Structure formats: C-alpha cells, structure tokens
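Engineer: Handing you a structure now.
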Amino acid sequence: MTEASSRLDGIRGPAEPTKHNARTIAALTSNPGCARRRVLDAAGVDKKALAEHLGAPAPFGDSPFALARGNVFESIVKANGAAELIRLLREMLDLSLPEVAYHALDNVAGRESLDTRHRRSVQLLREAARSAEDSGTLFAHPLLRLDVGGRAVYLEPDLIAFQIAGRFHIVEIKSFPVIDRRAEPEKVAAAAIQSAVYVMAMRDFVASLGHDPEIVSHDVVLVCPRDFSNTPTAALIDVRKQLTTLRRQLDRLENLDSILGVLPPGLTLELRPDSTGARTRPVGELDEALKHLEPRYAPECLSVCEMSLRCREESQGRTEALGRSVQEQLGGIEFASEVLSLAAGTRPPSIHEEEAARMLRAAHRLRSQCLGETA
C-alpha cells in the first residue's frame with residue numbers, strides 16, 4: 001500500500017469504499033478543478049451520506065418513472081435476441097449479419113455474483129477478440145472492469161457490445177426521445193461521456209490480452225425512442241474527445257500528492273456509526289474537517305454531485321456560484337462584493353481588473369438608465 005492510498009483510507013475511515021459505476025465515473029469529468037471531489041472520489045467516501053449528515057442532502061438520481069421507462073424501452077430493444085437492434089445495425093452500418101449469437105450475461109447459470117459474471121464475460125470476450133471471423137456476436141450486459149483511483153471497479157453497463165469483422169462496438173440504450181431527428185444536447189452529451197467509460201474499459205481489457213485497443217471502436221451506437229413512440233432509432237456518436245477527457249481525469253485521481261501533502265495529519269471524514277448504524281460524528285467537527293478540502297462549486301454540480309448543496313452554501317457571495325462562463329468574463333474576480341464596488345466605481349480596479357471594470361461600469365450605467373436612476 002502506498003503512502004497516498006493509506007492517507008486516503010484514513011480520510012474515508014473504516015467504512016467500505018463506495019462503488020463507482022459508469023455514471024459516477026463519467027461525473028468525474030464535470031468539474032476537474034474541484035480538489036474536494038477529487039479527494040472524496042479517490043478515497044471512496046460516501047458523498048451522499050456525508051451530505052446528509054451535514055444537513056445538505058441533494059436530490060440526486062433518476063426518478064422511479066424514468067427508471068421504469070428505461071427498463072421498458074431496453075426490453076423492447078433486446079427482445080427476441082435483440083431483433084430490433086440487429087435491424088438497426090443492418091440499416092445504419094450496412095452490416096451483413098446473417099447469423100447472430102446472442103449472449104445474455106445478466107446472470108450465469110442462475111448466478112448473479114459479480115465475480116461469476118465477470119469471469120464469464122472475460123471468457124466470451126477473449127474468444128471473440130481472438131476470432132478474426134465475422135461472427136456478429138452480441139453480448140448483453142457484459143461485466144467490465146476499470147481501474148479508478150487505484151481500485152478495480154466493476155461496471156454493470158446498460159449496453160450491448162457487439163463484435164463484427166474483428167472489431168468491437170459499444171451500443172448504449174437510452175430512453176430519452178429523438179424528435180424530428182434531434183435529441184436534447186445535454187442528454188446526448190451525458191450519454192456520450194458515459195459510453196466513453198465503457199469504451200475505455202473494453203479497450204483496457206483487449207489491451208490486457210495483447211491486442212490493439214483500437215479494435216474497440218470510438219464510434220458508439222446510441223439507441224433511443226423515435227418521436228413519441230417506443231420504436232427504436234439509432235445514431236453513431238464519436239467519443240474520442242470524451243475518452244481523452246476521461247483518461248486525463250482518471251490520471252488526476254492517481255496524482256493527489258500536492259493536495260494530500262497540505263492536509264492536516266489525521267484528517268478524517270468518518271461518520272462514526274454506532275452499532276445501530278446511526279452516525280455519531282459531531283456535525284461541527286465534521287464541518288471543520290471538510291473545510292480543509294477546497295471545493296470549486298459551479299451550478300453544473302447540482303446535476304452530478306451529491307455534495308453540491310453543501311458546496312453551494314460555502315460559495316455564498318462568490319462569483320463561482322454564478323457559473324464558470326460568468327466568472328471567466330469577470331476575469332477571475334472572486335467575490336460578488338468586489339464586482340458591485342467595481343460596477344459602482346467605489347474602488348479603483350487593479351491592472352488585471354481594468355477590462356472587467358469597464359464592462360461592469362457600462363452595465364451599471366445601462367441598468368441605471370433603464371430604471372431611471374442617476375448613474
């Protein structure tokens with residue numbers, strides 16, 4: 001065990017590290033400059049439990065209705081040996097799939113343990129990677145594995161990987177609609193980064209077998225409902241940019257020495273559950289410990305991080321709470337009070353604030369004119 005991993009275990013405390021999935025790994029890329037999140041994720045801290053104990057639980061995750069809708073649509077796509085998916089692949093990629101072997105890996109011989117499913121997935125994918133034939137084999141829910149912060153993480157993807165002409169592809173099934181050939185950009189972007197997690201895990205796997213990782217295509221097949229029906233439609237998404245971003249962020253989780261080196265010795269965020277599971281750590285004590293991990297809050301955090309409401313409380317009066325684009329336009333001015341004083345002209349700007357100050361004074365004059373005030 002390295003010194004860094006030992007320190008991270010101490011920060012988490014005796015609790016088991018939380019388990020990542022494709023969605024939480026994808027979320028790591030949303031705010032790479034947040035030191036707090038980097039440490040919490042690398043240590044495997046349960047951010048949801050931490051936020052709840054601090055009195056700032058965030059409404060997080062899909063609604064039961066969305067989950068049920070997703071399960072129904074996925075069952076349609078995969079029914080009858082993925083007949084609908086095969087039809088889409090033939091039409092979209094001009095693939096000839098006269099015979100298709102379909103392997104459902106949700107469980108193996110009635111066993112649903114992660115180790116059993118992973119061993120069977122490895123066996124089948126290894127055989128497919130070694131075969132140069134155009135086998136057209138489909139793998140439903142293969143269990144993949146990825147190294148995250150020095151820990152092996154099982155991924156239980158909502159996907160089908162298929163192999164044809166010696167190349168693997170990832171198929172991501174999502175229940176958000178494509179209306180008039182357009183889908184919500186935010187949802188497509190989220191699906192792309194999540195799919196990149198699966199592509200990376202597959203590439204790491206085939207590389208471990210001695211094969212070229214490029215045999216796993218960077219073009220992901222995204223399958224969604226068409227218009228207002230449950231009829232599947234598909235499109236190709238290039239995730240090369242997302243792969244680069246994801247790899248960079250995972251590497252950052254491995255390099256935390258600069259952050260860990262300035263933390264107080266013995267710093268821990270454990271919640272001290274008693275024999276009944278009740279958390280006994282004094283909130284004030286935990287709050288002081290957390291303040292040693294600097295957050296970088298942005299409004300986007302609300303949709304991807306369990307600690308978002310707690311970090312938003314700390315960002316009161318800071319320009320970061322207005323979003324990165326606003327903060328960049330303000331030239332890095334840290335506090336809202338400084339912005340207001342520059343806009344009103346009550347304090348002179350520094351040499352680095354002159355451009356932002358001109359913009360703020362012009363906005364202040366325009367506001368005053370609109371309100372009939374004297375600027």
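Engineer: Which entries of 174/291; 48/241; 48/174; 48/78; 187/291 have Cα-Cα distances beyond 27 Å here?
Structural biologist: Among 174/291; 48/241; 48/174; 48/78; 187/291, the Cα-Cα distance tops 27 Å for 174/291; 48/241; 48/78; 187/291.
Engineer: Let me ask something else. Please work out the average accessible area per residue across the chain, using the 1.4 Å probe convention, and give it in Å².
Structural biologist: Spelled out: the 1.4 Å probe surface of the chain, per residue, equals 53 Å².
Engineer: In debye, nearest 20, what is the charge dipole magnitude of the chain about its Cα centre with +1 on Lys and Arg Cβ and -1 on Asp and Glu Cβ, if you could check?
Structural biologist: My answer is approximately 200 debye.
Engineer: Would you mind telling me the antiparallel percentage of the DSSP bridges in segment 126-247, rounded to 5?
Structural biologist: Taking every DSSP beta bridge within segment 126-247, about 80 percent pair in antiparallel fashion.
Engineer: A further question on this structure: If each DSSP helix of 4+ residues adds -39,500 (n - 2.57) and the sum is divided by the residues in the chain, what number results at 222 nm, nearest 500 deg cm²/dmol?
Structural biologist: Computed ellipticity for the chain at 222 nm equals -14000 deg cm²/dmol.
Engineer: Now a separate question. Suppose every K and R has +1 on its Cβ and every D and E has -1 on its Cβ; what is the size of the dipole of segment 216-360 about the Cα centre, in Debye to the nearest 20?
Structural biologist: Charge dipole of segment 216-360: 300 debye, to the nearest 20.
Engineer: Quantify, in whole percent, the carbon and sulfur part of the accessible surface of segment 215-315 (1.4 Å probe; protein heavy atoms only).
Structural biologist: 50
Engineer: With just the Cα atoms defining each centre, how far is segment 39-78 from segment 197-274? Give it in Å.
Structural biologist: 17
Engineer: What are the residues whose amide H is under 5 Å from the amide H of residue 233, where those residues sit 5 or more places off or on another chain and H is modelled from the backbone?
Structural biologist: Placed amide hydrogens put 224, 226 under 5 Å from residue 233.
Engineer: Still on this structure, please answer the following. Note the listed values [x] 23.8, 77; [y] 24.6, 79; [z] 20.1, 60, then indicate which one is Rg and Dmax of the Cα atoms in Å calculated from this particular structure.
Structural biologist: The listed entry that was calculated here is [y].
Engineer: Quick one: which residues, 5 or more positions from residue 103 or on another chain, have an amide H under 5 Å from its amide H? H modelled 1.01 Å from N in the peptide plane, none for Pro or chain starts.
Structural biologist: Excluding prolines and chain starts, which carry no amide H, the hits are 138, 139, 140.
Engineer: Okay, next question. Out of residues 5 or more away from residue 318 or on other chains, whose amide H comes under 5 Å of its own, with H placed 1.01 Å from N in the peptide plane?
Structural biologist: HN-HN under 5 Å from residue 318: 336.
Engineer: Right, next: Please list the three semi-axes, largest first and in whole Å, of the ellipsoid equivalent to segment 166-288, using sqrt of 5 times the eigenvalues of its alpha carbon gyration tensor.
Structural biologist: Sorted largest first and rounded, they come to 39, 24, 14 Å.
Engineer: Would you report the distance distribution of C-alpha pairs in segment 246-375 as whole percents per 5 angstrom bin, up to the bin with the largest distance?
Structural biologist: With a bin width of 5 Å, the distribution comes to 2, 8, 12, 13, 15, 15, 11, 9, 6, 4, 3, 2, 0, 0.
Engineer: Could you derive backbone 3J(HN,Hα) for segment 198-206 from the dihedral phi with the Karplus parameters 6.51, -1.76 and 1.60 (θ = phi - 60°), listing whole Hz in sequence and x where the residue is Gly or Pro?
Structural biologist: For segment 198-206, the Karplus-derived couplings read 5, 4, 4, 4, 5, 5, 4, 5, 5 Hz, x marking Gly and Pro.
The values are calculated or read from the model by the stated rules, or taken from the named source; none is laboratory data. Model, not experiment: these values are computed from the prediction. Positions of Cβ are backbone-derived with ideal geometry, glycine not excepted, and every protein chain shown enters the neighbour counts. We work out accessible area using only protein heavy atoms, side chains counted, and drop any ligands, DNA or RNA first. Shrake-Rupley method; radii C 1.70, N 1.55, O 1.52, S 1.80 Å.
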